[in-house]
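Contents: one structure, followed by commentary.
The values are calculated or read from the model by the stated rules, or taken from the named source; none is laboratory data. Values in this document were obtained by computation on a predicted structure and should not be read as measured data. Methodologically, a virtual Cβ is constructed for each residue, glycine included, from the backbone with ideal geometry; neighbour enumeration extends over all protein chains shown.
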Amino acid sequence: MDVNTHLEDLSNEIFFEIFDYLHVLDIFTGFTLLNRRISSILQSIPLHIVISGKHCRRQIDFLSSHLTFHEHQVISINISDTIRDDSSIISLLFNRHNFSHLKSCKLVLINSMTTLGNVIEQLKSLNTLVLLEIFQQNLLDITENDNDEFSQILLTLKSSSLRSVELQYPSHYLHISNYASIGSNFTSLSLRIAGSRSIVSVHSVLRVFRLCHRIRYLCIILQHDKRFKNNNVNIPSDLPLTNENDLPILSQLTSFDLTLTAMFDIWSISHILCCMPNLKYFYFHLIPPSAHWPFTDQYVDGYVWKKMFELHLPCLSKFQFHMTIIKRLPKINLDFVVTSFNYFVNKYSNWHMIVDRWTYSSHPQEEYIVLRTLNYGKRKSISKVELGFLNCATFEIRSTRKTRDDHYSFYSDIEDIELYITNERSNVTWSSPLFQHITYLVIEMSIIKSSWWNYLSNIVNFQRATDDKNNAQENLNYLSCFIHLPNVTKIEFQSTFDINRWKDIELILLACPNVHSLIINTSLLVLSKLIDNSSLIPIFKQIKMIKTITENIYFPSAFASKFVQRFPSLCHIELQVFSFDICSFIIDIFLTELKQISYMEINYNDDTFFDDPFSCEYIITKRHQAFPLDIINEQMVNVKNNDEVIQIWLS
């Protein structure tokens, strides 16, 4: 006999387990006022607030209205200050609510530091806070004094429970020596020290070190950036001496993560490592500011690293790095580089290094080199690793391993890549694709130059068509040597893909059976050889996102009906049209024909004399008429029109 189990039959323990996996907005949306028992459970569970850029103001107000009775249950916050239709969300929530039991606080993309007064006051009063993270790319709109004061407040919080502080916004920390101390219970600290070359130096790091005696895990990003001019900064005259008798000693530090986007020689790094006699784990990420960086040879010489470690790091057991080098000719001897690092293969368990090099036709006097250890990508990194635009024609590989067929294992964390393919070919000395974890592939190909004579010749013979097919197949075969195409889910054909490249696009799409996102020129999107290609229709039917690149050709209104027929699964669309009148016509078709659509962004050049009809109520009515059986979350429906682009969110 079958027994049906209802939601009400589940035990309270199972509900507690379920709610622990849900964010508070999901809980309030799905379970509030469901019944007395659920309401009682909601009064006693810990709550997690997560707000990202995809959320809208309606949702925030809905969340806030329910938090009035549950704010004391919130134990973690992860908030993006800027959402899709508003900003200063962090300030709004902290002004409305007192999160007295907060344990974890992560604030992202803060719109204005001046809105954080009440946030700071709450953080000061918390005795439960364990983790504090603030991520902000630039603070150029903030005065130096505000920046200094903000950093000082956060680094001197007296909460007895606070263990980890991560301040990933640019600050010079010149006056950190004036702090009496940093949080006495901090065990983990992450800072981004940024400023001009006259401001950020090894002295900047040593100032921080003098307050880090109890830190066990330290992450520092050093950034030289001319945007941070530090105009009104007084550099302390009592700079610490960089000699071993004056260096601060971090005896409890066991893990150090250092990222350089600044012009430091390797001996400056040596002074930093002098301070860490018990260091066990060292992670290093190098991003040089330009090809004129003078210290390249030092960093790619394994013998120099070996000497430093023998002098200063007797306890080191793990050394992982990703180094990007942009260097002017003459070329570095890659075989010497690999040989110089062979010491570490025997020194550390499961340690190996790969070296990749390529050059660009636009900068023939420069070489681009990447050095990367086997296990670097298996850890969480503060700074994003990007490979740059890889020129396949000049690509070379060296490795401390004998085989090159495991190249992909060094890049297990890399999911995005940009490739440039020309008619030239590098010598393929490997048998499996180099990058096998790529999901987002950006391709640039050399432009096919055609003439009127070639065009007239094609009318009377098909030799050109045969050549194009053969060339396209050769390009695909070559591309497959670099990328494991079945893993690609998002593909972007850049501007050099004109209509003469349609065969390349056909073969590449067919080789990517799991692709669901497509970025392409408008001229190619409407091209009959592609859009009416029977072999591509199954691929088109699974596409969920399309973004067009305009090359003086706009999306035509007459194409809208065929477009929705070919791409019935679309959820996300970004197009360019000529006028708002065309835009209105196209949007109506999308609203009534695309059942799964959740976001539209349409740019237009010419405005209209007529009123914009697209209100939230209009969109909701249209969707109800087209899909009467579907449930619409009206809170999520939103429209923005700034007279150049209209954005519509449906979920």
Query - The listed residue being over 30 Å from Lys384 (Cα atoms) and modelled with pLDDT of 95 or more, out of Leu485, Leu510, Leu456 - result: Leu510
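For every residue, the table says whether it meets (1) surrounded by fewer than 20 Cβ atoms within 10 Å (Cβ to Cβ); (2) within 30 Å of the chain's Cα centre (by Cα).
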residue	(1), (2)
Ser161	yes, no
Val165	no, yes
Leu174	no, yes
Tyr179	yes, no
Ser188	yes, yes
Arg192	no, yes
Val200	no, yes
Report task. Look through the range 3-42, keep the residues that are exposed (fewer than 10 other Cβ atoms within 10 Å of the Cβ) and not in a helix (DSSP H, G or I), and return whichever of them is modelled with the lowest pLDDT. Result -> Val3
Query - Output for the range 326-346, where each listed residue is of a type in the set (A, V, I, L, M, F, W, C) and either surrounded by 15 or more Cβ atoms within 10 Å (Cβ to Cβ) or modelled with pLDDT of 90 or more (or both) - result: Ile326, Ile332, Leu334, Phe336, Val337, Val338, Phe341, Phe344, Val345
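Any residue at all in the range 49-69 that is farther than 23 Å from Ser651 by Cα and crowded, with 16+ Cβ neighbours inside 10 Å?
Scanning the range 49-69 turns up no residue that is farther than 23 Å from Ser651 by Cα and crowded, with 16+ Cβ neighbours inside 10 Å.
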Query - Enumeration of residues in the range 316-346 that are within 22 Å of Lys378 (Cβ to Cβ) and assigned to a loop (DSSP other than H, G, I, E, B) - result: Leu316, Ser317
Query raised in the report: Does Asn500 satisfy the criteria of being in contact (Cβ under 8 Å) with a residue 40 or more places away in the chain and either more than 26 Å from the chain's Cα centre (by Cα) or surrounded by 20 or more Cβ atoms within 10 Å (Cβ to Cβ) (or both)?
Result: yes
Query raised in the report: Restricting the first residue to the range 569-586 and requiring it to be farther than 18 Å from Leu650 by Cβ, which pairs with a second residue that is among the aliphatic types (A, V, I, L, M) and crowded, with 18+ Cβ neighbours inside 10 Å meet a Cβ separation below 8 Å and a spacing of at least six or different chains?
Result: Gln576/Ile602; Val577/Ile586; Val577/Ile602; Phe580/Ile646; Phe585/Ala560
Query raised in the report: From the list Tyr348, Tyr360, which residue is under 22 Å from Thr259 (Cα atoms) and in contact with a strand residue (DSSP E or B) (Cβ under 7 Å, 6 or more places away or on another chain)?
Result: Tyr348
Query raised in the report: Somewhere in the range 230-244, is a residue modelled with pLDDT of 80 or more, in contact with a helix residue (DSSP H, G or I) (Cβ under 8 Å, 6 or more places away or on another chain) and part of a loop (DSSP other than H, G, I, E, B)?
Result: no
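Checking the structure you have, find out if any residue of the range 320-331 is in contact (Cβ under 8 Å) with a residue 60 or more places away in the chain and among the aromatic types (Phe, Trp, Tyr).
In the first step, residues of the range 320-331 are kept if they are in contact (Cβ under 8 Å) with a residue 60 or more places away in the chain; the result is 322, 324.
Pick out the ones that are also among the aromatic types (Phe, Trp, Tyr) and you get none.
Scanning the range 320-331, I find no residue that is in contact (Cβ under 8 Å) with a residue 60 or more places away in the chain and among the aromatic types (Phe, Trp, Tyr), so the answer is no.
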Query raised in the report: Of the numbered conditions (1) in the same structural domain as Leu334 (by TED's automatic domain parsing); (2) under 21 Å from Asp498 (Cα atoms); (3) over 21 Å from the mean Cα position of the chain (by Cα), Thr400 satisfies every one except a single condition; which is it?
Result: (2)
Report task. Test Thr422 against the criterion of being farther than 22 Å from Tyr440 by Cα and either among the β-branched types (Val, Ile, Thr) or buried (at least 16 other Cβ atoms within 10 Å of the Cβ) (or both), and give yes or no. Result -> no
Report summary line: Flagged in the range 267-307 as surrounded by 18 or more Cβ atoms within 10 Å (Cβ to Cβ), hydrophobic (A, V, I, L, M, F, W, C) and not in a loop (DSSP other than H, G, I, E, B), in numbering order, are Ile269, Ile272, Leu273, Phe282, Phe284, Leu286, Trp305
Report summary line: Taking the range 312-371 and keeping only residues that are of a type in the set (Lys, Arg), more than 25 Å from Tyr283 (Cβ to Cβ) and over 30 Å from the mean Cα position of the chain (by Cα), one is left with Lys331
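Could you tell me whether any residue of the range 520-530 is touching a residue at least 40 places away in the same chain (Cβ under 8 Å) and under 29 Å from Ser579 (Cα atoms)?
Scanning the range 520-530, I find at least one residue that is touching a residue at least 40 places away in the same chain (Cβ under 8 Å) and under 29 Å from Ser579 (Cα atoms), so the answer is yes.
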